[in-house]
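**Student:** Below you will find the structure I want to go over with you.
The values are calculated or read from the model by the stated rules, or taken from the named source; none is laboratory data. Source: prediction; values computed, not measured. Note: ideal-geometry Cβ built from the backbone for every residue, glycine included; neighbour counts use all protein chains shown.
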Amino acid sequence: MMMDEEHRVLESVVGEFASKELEPINKQIELEGIPKELKKRLSSQGFLGALAPYDLGGASLDRLGYSILLKQLASASPSVAFYVFLENSFVIKSILLKNEVREKIGLISGGEISGTFYYSHLLNFLEPGEIKKIDSKLTGKLNAVINSEANLFIVPADDGKFYLVESGFHPLDEHEKLGFRGLRFSPVKFDTSIKDAIEIPLNVDELIDDTHLPISAIAIGIAQGALNKAIEYAKERSAFLHKLKDFQPLAFGMAQAYSQLDILNEYLINIAQGERDIKKELMLKIISIDFARDVSKLALQVHGGYGYLMDFGIEKYYRDAMFLSILGGNHLDEKMKLSSLIFQEKAGWI
């Protein structure tokens, strides 16, 4: 299934934005975080409100448009792509479920505030911590909060419900993190009055299922960015009086990776334009994340020792691909879920 003209234009526009606005400051993003000025430019392009309705300042992108946006951003800066994903797929979609707080979406779309959604307790990679509902308070500490400098938090409590809170929280010292270094990642302490918290009536499993396609787009974007840099480097760098591209093992390996990337891109486009199919979306997500790890590792190897230097802009793809395999969902649980969908009964549990 081919993209129509509208989506091709979007792909070109976002690609140009990534090239002009993200590439020149990639090192700054990795070292200092996403600058406020860049968030304003993301807002002015409609990216921060990609899934928000028009009347709330959003772009109201469809599934393909949103996938294109994340893929193109991730090819230049996975941190920025994940930030846009977090604001849209988790925060905005959650807020849309509660009419009395819908006006906050305009503030997020406009870049005036940012939000975060806590789901690390579902990933089983760190002791998550807990917020307890005690009398008139929500109190406790959550570990591994992504974008912990946000203005509003959507967090789970021990009563099984999620709450939106805008006060009574305090980020602690930042974690040493493997990837997405453009985003703050730290524990956060909460001591919030329950009257200032707003219950959000969400189904977290459905919300997570809706992230399979956008996570796939980010993974494909990471692979695309890493492979493009490796191809350019192999055309310029020489060894033993020949360009790296002239050596069969390297050239054949990169050609195969390029072919696989093209196939994944086509599959992403087809799924995004078709009927919702959780099995196919989960298949694409699992394969795309594994592919992003493999290709970014290949790109790192092509660069040799230089690949580990931040100035070359390649090592972040490998770190972020590895981190995406964690933050993108519980990889083992999702492989078990896919196995059960394929066998149409419980499978892969021993």
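**Student:** Return the residues of segment 53-78 that are in contact with a Gly (Cβ under 7 Å, 6 or more places away or on another chain) and more than 27 Å from Asn26 (Cα to Cα); say none if nothing qualifies.
**Tutor:** Across segment 53-78, the qualifying residues are Leu56, Gly57.
**Student:** Which of the numbered conditions does Ile105 fail, given that it passes all the others? Conditions: (1) assigned to a helix (DSSP H, G or I); (2) buried (at least 22 other Cβ atoms within 10 Å of the Cβ); (3) in contact with a strand residue (DSSP E or B) (Cβ under 9 Å, 6 or more places away or on another chain).
**Tutor:** (3)
**Student:** If the requirement is being crowded, with 20+ Cβ neighbours inside 10 Å, in contact with a Pro (Cβ under 6 Å, 6 or more places away or on another chain) and under 25 Å from Lys316 (Cα atoms), which of these qualifies: Ile218, Ile222? Before you say what the answer is, go through the steps one by one.
**Tutor:** Numbers: Ile218 fails: in contact with a Pro (Cβ under 6 Å, 6 or more places away or on another chain).
So the residue among Ile218, Ile222 that is crowded, with 20+ Cβ neighbours inside 10 Å, in contact with a Pro (Cβ under 6 Å, 6 or more places away or on another chain) and under 25 Å from Lys316 (Cα atoms) is Ile222.
**Student:** Can I ask one more? Looking only at segment 24-43, count how many residues are part of a helix (DSSP H, G or I) and under 27 Å from Glu103 (Cβ atoms).
**Tutor:** Final tally of qualifying residues: 8.
**Student:** Of (1) at pLDDT below 95; (2) under 20 Å from Asn228 (Cα atoms); (3) charged (D, E, K, R), Lys20 satisfies all except one. Which?
**Tutor:** All conditions are met except number (1).
**Student:** Could you tell me which residue of segment 44-66 is nearest to Tyr83 (Cα to Cα), considering only residues that are under 17 Å from the mean Cα position of the chain (by Cα) and in a helix (DSSP H, G or I)?
**Tutor:** Tyr66
**Student:** Next question. Go through Gly168, Gly182 for me and flag whichever is surrounded by fewer than 24 Cβ atoms within 10 Å (Cβ to Cβ), small (Gly, Ala, Ser) and not assigned by TED's automatic domain parsing to the domain that holds Leu324. Walk me through how you get there before you give the answer.
**Tutor:** Working: Gly182 fails: surrounded by fewer than 24 Cβ atoms within 10 Å (Cβ to Cβ).
Answer to the selection: Gly168.
**Student:** Can you run down the residue pairs with Cβ atoms below 7 Å, 6 or more apart or on separate chains, where the first is in segment 262-289 and outside the structural domain of Ser325 (by TED's automatic domain parsing) and the partner is surrounded by fewer than 17 Cβ atoms within 10 Å (Cβ to Cβ)?
**Tutor:** none
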